[in-house]
1. Looking at the stretch 39-63, which of its residues are open to solvent by less than 60 Å² (accessible area, probe 1.4 Å), part of a loop (DSSP other than H, G, I, E, B) and without any contact (Cβ under 8 Å) to a residue 24 or more places away in the chain?
2. Looking at (1) part of a loop (DSSP other than H, G, I, E, B); (2) touching a Gly at 6+ places or on another chain (Cβ under 8 Å); (3) modelled with pLDDT of 95 or more; (4) not aromatic (Phe, Trp, Tyr), find the lone condition where residue 72 falls short.
3. Restricting to the stretch 1-32, and then to whatever is in a strand (DSSP E or B) and β-branched (Val, Ile, Thr), can you tell me which residue is farthest from residue 90 (Cα to Cα)?
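The values are calculated or read from the model by the stated rules, or taken from the named source; none is laboratory data. Predicted model, so just to flag it, every value in this text is computed and none were measured. In this analysis, Cβ positions are derived from the backbone assuming ideal geometry, glycine residues included, and neighbour counts consider all displayed protein chains. These area figures cover heavy atoms from the full protein model, side chains too; ligands, DNA and RNA do not enter into them. Shrake-Rupley method; radii C 1.70, N 1.55, O 1.52, S 1.80 Å.
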Amino acid sequence: QVQLVESGGGLVQAGGSLRLSCAASARTFRTYAMGWFRQAPGKEREFVAAISGSGGSTYYADSVKGRFTISRDNAKNTVYLQMNSLKPEDTAVYYCAANPLGVVTGSRHGYNYWGQGTQVTVSS
């Protein structure tokens with residue numbers, strides 16, 4: 001069983017930045033692909049970014065490309081999401097997810113483990 005705990009959410013003005021962190025309990029963390037998803041009120045959960053186990057491969061949703069950066073530190077069992085140039089439409093609960101097959105994908109179905117989420121609110 002893998003436990004994921006997100007942190008770093010909060011309230012920020014448009015144009016500002018936040019860095020989310022996700023700490024994982026998996027002993028084989030380096031073999032997992034990791035992803036970030038988000039869900040705004042009344043909307044479906046959507047893909048944001050994903051990263052391979054080594055960190056050498058990343059994948060982003062078009063809506064965040066060039067503004068968000070996903071990274072990981074396997075020594076700390078942690079994955080990060082640096083969010084810059086935030087917009088009000090980025091407001092959502094952000095979830096960290098783990099894919100034990102190591103596949104970098106934007107599909108929710110590839111991720112077996114999910115965190116509880118952290119709220120990000122961007123004011124205009």
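1. Passing the criteria: only 55.
2. (1)
3. Taking the candidates together, the pick is 5.
Residues are listed down the side, and each one gets a yes or a no for (1) within 21 Å of residue 7 (Cβ to Cβ); (2) part of a loop (DSSP other than H, G, I, E, B); (3) open to solvent by less than 20 Å² (accessible area, probe 1.4 Å):
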| site | (1), (2), (3) |
| --- | --- |
| 34 | yes, no, yes |
| 65 | no, yes, no |
| 76 | yes, yes, no |
| 82 | yes, no, no |
| 86 | yes, yes, yes |
| 93 | yes, no, no |
| 98 | yes, no, yes |
| 101 | no, yes, no |
